[in-house]
Amino acid sequence: MEERKGFGSNFGFLMAAIGSAVGLGNIWGFPFKMGISGGFTFLVIYLVLAALCGFIVMVGELALGRKTGKGAVAAYQVLSKKFKWVGWLGIVSAFLIMSFYCALGGYCIKYVVLNFGNLFHAGFGSNGLDGNGIFGALMTNQVESVIYGLIFVVITLLIVMGGVGGGIEKFCTIGMPALFFMLIVVIIRAVTLPGAVEGLKFMFVPGYAVTAGIVEKAPSFMNVLSTAGGQMFFSLSLGMGAMITYGSYLDKKQNLEKNAIIIVIADTMIALMAGLAVLPAAFALGGEGASMAGPKLLFVTLQNVFDNMGGVGPIFGIIFYLLVVLAAVSSSISLLEVIVTHFVDKSESEGKGDQRKKYSLIASVLVAFLCALVCVDGLGSNGIWVPFQSLVGVRGFNDCWLDFFDMISEGVLMPLGALLMCLMIGWEIGPKVVKDEIEGPEGHKMTAYGFFNVCVKVVTPLLMLLILWGQIQSFFF
Ligand code: PFF
């Protein structure tokens, strides 16, 4: 059997893993959730959870992947009798998340084009429409949104076809530093706008969202805990095999524990930076009653911000939406890779050769169908039937396919996957398996073993149960 080709360097691995973590969740999820859930207090709770759950699950996933040298499905099959089916949850999550990720990524490409149109006063610019008008027109133009969604799927496909070292690593090694640089440029512009300080207060000052009348009342502690926990899992790409997959391509010599810490810190830092780029601008130039979260923040409020910035607006618009495209692509390639690695490994082990191109194509065709469904639905604008109609209007669930897919993947499957992984490591195969993998041939010492041991057995599963319960409650009750 041919040797499995992986990441060429630790830096390449880190850029890919951070690229997977940094995505739409950092840009439109974290800043607003932080603002409405207690500002600085939320940040402290988030950081505690990142240490007690995020770091633990990250180390666990990377170690399972590297130890087995297999993707999510096979890793569980090799290691466990009771949990051998868990990897499949990851494959299902990957398809579901990709369905809306590619649709939203496609919209971002459309906004890059639109801002180019505005820069050159061309016909494909805003054409006198405001943010609401532009987004409304895109949502009801099903052909246009499907085309943009499919362009995004094709970009993802081409990178994944290039392989882990040749496609994913190359893209992320250039894309992530570029994203970071562009983010700094946007932050400098945003925080120096008159009125920007309101956005900073909203994000950091506890209780400011209530005082300013943005939300009616402060959320309960349980509510904050589950919001922070759910956000953290999605943001760190945990609980669905992405880090198992990337870990399986990492060289045995590299220090997994250190890498896990770097990924968690970098993702949190970029989420905070995204808040600094987005909220001050949205408060300063977003207009009365502007939406501060979700698709409307990105595609309505921020477009209004760029339109209100004067001559340089389109330039900042291009930089901003391009950086969001980079963040989204570097996440969606890791989602597709979860699926592709599984089938490539399977075909290798059956002696049928690599077949990466074939499986990337088949998986992408399926993703393209799901993505087209989300686009045709246009966030519920076009009256398409959606399952669970009885839940419509309940917190977190609107009458649209995007929310439906999100509810199952982010709401249930990801926290469940992470919980099951901890139970397997803690109680079936034992945490020493992870320690041995980390200490490996290079003799790196696992400094946090005592902490890992207690957390993976008891603390993390208990917190995971709370988070899962909170998530299910917020979606279903
Ligand atoms: N971490 C990504 C975000 O914050 O947007 C979402 C994501 C990407 C989740 C990749 C899971 C994954 F495997």
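The values are calculated or read from the model by the stated rules, or taken from the named source; none is laboratory data. Note that this is a predicted model, so its numbers are computed, not measured. Please note: Cβ atoms are built from the backbone with ideal geometry, for glycine as well, and neighbour counts cover all protein chains shown. Keep in mind that these areas ignore ligands, DNA and RNA; they rest on the heavy atoms of the full protein, side chains included. Shrake-Rupley method; radii C 1.70, N 1.55, O 1.52, S 1.80 Å.
Against the longest alpha carbon principal axis of the chain, how many degrees, from 0 to 90 and to the nearest 10, is the axis of helix 256-285 turned?
Helix 256-285 sits roughly 10 degrees off the main axis of the chain.
In degrees, nearest 10, range 0 to 90: what is the angle between the Cα axis of helix 313-349 and the longest Cα principal axis of the chain?
30
Can you pull the semi-axes for segment 109-181, root of five times each eigenvalue of the Cα gyration tensor, sorted largest first, whole Å?
Values: eigenvalues 177, 53, 17 Å².
That gives 30, 16, 9 Å for the three semi-axes.
Hey, got a sec? Which trypsin sites (Lys or Arg not before Pro) in segment 271-361 land in a DSSP loop and have at most 16 other Cβ atoms within 10 Å?
Those that pass, being in a loop and sparsely packed, are K352.
Using a 1.4 Å probe and counting only protein heavy atoms, arrange F221, F152 so the residue with the most accessible area comes first. Before the final figure, lay out each step's value.
Numbers: F221 135, F152 0 Å².
Result of the area sort, largest leading: F221, F152.
Need one number: the % of Cα-Cα pairs in segment 358-474 sitting beyond the 24 Å mark.
On the way: 3505 of 6786 pairs.
That fraction is 52 percent.
Could you state the orientation-averaged shadow area of the convex hull built on the Cα atoms of segment 125-269, in nm² to one decimal?
Numbers: hull surface 54.0 nm².
Computing the convex hull of the Cα atoms and averaging its projections yields 13.5 nm².
How big is the C-alpha Rg of segment 279-330 next to the rule-of-thumb value 2.2 N^0.38 Å, as a ratio? Could the numbers behind the result be given before it?
Numbers: Rg = 10.9 Å, N = 52, 2.2 N^0.38 = 9.9 Å.
Cα Rg divided by the expected 2.2 N^0.38 Å: 1.10.
If you take the charge dipole of the chain about its Cα centre, with +1 on Lys and Arg Cβ and -1 on Asp and Glu Cβ, which of L47, I261, P431 is farthest toward its positive end?
P431
Peptides 465-472, 269-276: what's the order by average Cβ count within 10 Å, highest mean first?
Values: 465-472: 18.4, 269-276: 21.4.
The packing order, highest mean first, is 269-276, 465-472.
Hey, what did the chain get for relative contact order, percent, Cα under 8 Å, at least 6 apart? Don't skip to the end; give the middle numbers.
On the way: 824 pairs, mean separation 155.2, N = 477.
The normalised contact order for the chain reaches 33 percent.
Taking θ as phi - 60°, what are the ³J(HN,Hα) couplings along segment 41-46 by the Karplus curve (6.51, -1.76, 1.60), each to the nearest whole Hz, with x for Gly and Pro?
4, 4, 4, 4, 4, 4
Once phi is turned into θ = phi - 60°, what whole-Hz ³J(HN,Hα) does the Karplus curve with 6.51, -1.76 and 1.60 give for every residue of segment 145-155, x standing for Gly and Pro?
Values per residue, Gly and Pro as x: 5, 5, 4, 5, x, 5, 4, 5, 4, 5, 4 Hz.
Report the trypsin sites (Lys or Arg not before Pro) located in segment 226-270 that are in a DSSP loop and have at most 16 other Cβ atoms inside 10 Å of their Cβ, or state none.
Answer by residue number: K252, K253.
Just to confirm the filter: which trypsin sites (Lys or Arg not before Pro) across segment 117-217 are DSSP coil and have at most 11 other Cβ within 10 angstrom of their Cβ?
K217
May I have the count of lysine pairs in segment 223-371 with C-alpha atoms under 30 Å apart, counting pairs 8 or more residues apart or located on different chains?
The number of close lysine pairs in segment 223-371 is 9.
Once ligands and nucleic acids are excluded and a 1.4 Å probe is used, how much of D436 is accessible, expressed in Å² to the nearest 10?
About 80 Å², rounded to the nearest 10.
In what sequence, highest mean first, do 89-97, 114-122, 259-267 appear when ranked by Cβ atoms within 10 angstrom?
Answer by packing, highest mean first, reads 89-97, 259-267, 114-122.
Rounded, prolate or oblate: pick one for segment 9-119, where a ≥ b ≥ c are the square roots of the eigenvalues of its C-alpha gyration tensor, a/c under 1.5 means rounded, and failing that, prolate if a/b is larger than b/c, else oblate.
Values: a/c = 2.11, a/b = 1.41, b/c = 1.50.
Oblate.
Just to be sure I understand the model, the point goes 7 Å from the Cα along the line to the Cβ. What's the resulting A137 to I265 distance in nm?
Label-label distance for A137 and I265, simple model: 4.7 nm.
By the gyration tensor of its Cα atoms, with a ≥ b ≥ c the square roots of the eigenvalues, what is the shape of segment 199-327: rounded for a/c under 1.5, prolate for a/b over b/c, or oblate? If you can, show how the numbers build up before the last one.
Working: a/c = 2.70, a/b = 1.44, b/c = 1.87.
Oblate, since a/c reaches 1.5 and b/c is not below a/b.
When the gyration tensor of segment 4-57 is built from Cα positions, what are the square roots of 5 times its three eigenvalues, in whole Å, from largest to smallest?
29, 14, 7
Using the Karplus equation 6.51 cos²θ - 1.76 cosθ + 1.60 (θ = phi - 60°), what ³J(HN,Hα) coupling, rounded to whole Hz, does each residue of segment 426-435 give in order, writing x for Gly and Pro?
Result, rounded to whole Hz: x, 10, 9, 8, x, x, 5, 4, 5, 4.
Output needed for segment 162-219: three equivalent-ellipsoid semi-axes, defined as square roots of 5 times the C-alpha gyration tensor eigenvalues, in descending order, whole Å. It would help to have the intermediate numbers written out before the result.
Values: eigenvalues 281, 57, 8 Å².
For segment 162-219, the ellipsoid semi-axes come out as 37, 17, 6 Å.
If the only charges are +1 at each Lys and Arg Cβ and -1 at each Asp and Glu Cβ, what is the size of the charge dipole of the chain around the Cα centre, to the nearest 20 debye?
Numbers: 28 positive and 28 negative charges, 172 e Å.
It comes to approximately 820 debye.
Kirkwood Rh and Cα-based Rg: tell me the resulting Rg over Rh for the chain, rounded to two decimals. Present the calculation step by step, with values, prior to reporting the outcome.
On the way: Rg = 21.4 Å, Rh = 22.4 Å.
Taking Rh as the inverse mean 1/r over Cα pairs, Rg/Rh reads 0.96.
How long, wide and thick is segment 109-148, going by the Cα atoms along their three principal axes, in whole angstroms, largest first?
So the three principal-axis extents are 26, 19, 13 Å.
Could you tell me the relative contact order of segment 225-337? Use alpha-carbon pairs under 8 Å, at least six residues apart, and round to a whole percent. Don't skip to the answer; put the middle values down first.
Working: 45 pairs, mean separation 23.4, N = 113.
Taking the mean separation of contacting Cα pairs over the length of segment 225-337, I get 21 percent.
Assign one of three labels to segment 312-383, namely rounded, prolate or oblate, based on the Cα gyration tensor with a ≥ b ≥ c the square roots of its eigenvalues; rounded applies when a/c is under 1.5, prolate when it is not and a/b is larger than b/c, and oblate otherwise. All intermediate terms of the calculation are to be shown ahead of the outcome.
Values: a/c = 4.23, a/b = 1.74, b/c = 2.42.
The shape class here is oblate.
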